[in-house]
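Report on the following structure.
Nothing in this text is a laboratory measurement; each read-out follows from the coordinates by a stated rule. Bear in mind the structure is a predicted one, so any value in this text is a computation, not a measurement. Glycine also receives a Cβ, built like all others from the backbone with ideal geometry; neighbour counts cover every protein chain displayed.
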Amino acid sequence: MFMVMPSYNQRISPQQAMQIAVQRVPGQIIHYGMDMENGTLVYEIFILTSQNKIYEVEVNAKTGVIRKIEEENDSD
C-alpha cells in the first residue's frame, strides 16, 4: 500500500493527493475539494477517464491513503 508520511503531522498538499488519485484512476482531474467524512479530513478528487467515466477518489488529507473510489453516475 502506498502511503505518504507528512512531516510535522501536517496534511498532504492538494497536488500530492491528486498524484495519489491518478495513480489509481488514470485520467484528467476535472475538480477537487476538501470535505469532512466521518470526522476525517479528505480530498475529493474527480477524474475523467479515457472511457468518459467520472470517478470520485477520496484521499485522507493526513495520511495520503485512498479511502474510497466511486464511479459517478449520470442521471440520464
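VAL42: net charge of surrounding residues, Cβ under 14 Å, Lys/Arg +1, Asp/Glu -1, itself excluded?
Numbers: positive: ARG11, LYS62, ARG67, LYS68; negative: ASP35, GLU37, GLU44, GLU56, GLU58, GLU70.
Once all neighbours under 14 Å are counted, the net charge is -2.
Taking H as built 1.01 Å from N, whose amide H comes closer than 5 Å to the amide H of LYS62, not counting residues under 5 places away?
Hits under the 5 Å cutoff: ILE12.
Work out the charge dipole of the range 7-72 with +1 on the Cβ of Lys and Arg and -1 on the Cβ of Asp and Glu about the Cα centre, then indicate which of ILE30, GLN19, GLN51 is farthest towards its positive end.
GLN19
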